[in-house]
Amino acid sequence: MYRRRASALHAARAAAGCAYCAALAIVALTSDNPLVLGATLVAVTGAGAIAGVGREMAWGARLGLVLAVAIVVVNALVSRAGVTVVARLGELPVFGRIDVTAEAIAYGAVQGLRALVVVECFVLYSAAVDPDEVLRLFRRVSLRSALTASLATRMAPVLARDGRRMAEAQRSLGAAGAPRGAVLRALTAGALDRSLDVAAALEVRGYGSVRRPPADRRPWSRHDLAFGACALALVAVAVGARLAGAGRFDAYPTIALAAGAPEFALAAAVVALGLAPFAARRGIVR
């Protein structure tokens, strides 16, 4: 999904980009308040739009919405807590008596919103943070593991294209086309052959050395500092709000939502900190 674009997030080093995306995910994971979760969703989708990865974010939103709806439905059917019954579905095998409560729906909706935000954070990371540079961060820990992960991420799209081409060839044969099992065996055999070729090429080029590579000594740019500072600020705000008890949300036994001045201030801070690093446009390569 990654393609170099002219944005502040793409211009920042991988460490700062990873910290920024992780900080947004931490905000979503540490808060149950729908206001804060909604603000985090606004921040991450706004960051994706400014970074020029809106199409990827839309794809992630569709995936996240499916997951969110599934969480709401499952929690509404499985949860037995809550006092406000909105539907009585009677007796079902294995599950017993099913009474859908408003509290179960609300709790599932909040958890689904959280899942959507986390999915969008990962999509932003995948689309705006250079995966090769991320692997360089870990190669000083384990060169072989970094090389294996690099090959896996590089080969997955190639194998997907091979699968699509074989499926198209199968469809072109009409009713007498090869069965799916044959296509899968051919794809697996091609993947093994390609892996042997890649391994041989890497061995010729001298990969696999046990020497630890040198550290990245590039000075931190303004974009690195901006995203790193905002990541720290987001984590500090999220942890501070959690410790202070701000943004409380309780679904059981009845719905209790804190929606006062502290919660609106927290939501505004999340949006401001999430979008602040994109204010600097100097040093962005088009």
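What follows draws every value from the coordinates through simple rules; no lab data is involved. Owing to the predicted nature of the structure, the values given are computational and were not obtained by experimental measurement. Cβ atoms come from the backbone with ideal geometry, glycine included; neighbour counts cover every protein chain shown.
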In whole Hz, what ³J(HN,Hα) sequence does the range 120-131 give by Karplus (6.51, -1.76, 1.60; θ = phi - 60°), x for Gly and Pro? 5, 4, 5, 5, 4, 4, 5, 8, 10, 10, 4, x
The exposure ranking of 2, 125, fewest beta-carbon neighbours within 10 Å first, is 2, 125
Could you give each residue of the range 103-116 its phi-based ³J(HN,Hα) in whole Hz, using Karplus coefficients 6.51, -1.76, 1.60 with θ = phi - 60°, and x for Gly or Pro? 5, 5, 5, 5, 5, x, 5, 5, 5, x, 4, 4, 4, 4
From fewest to most C-beta neighbours within 10 Å, the residues 168, 120 line up as 168, 120
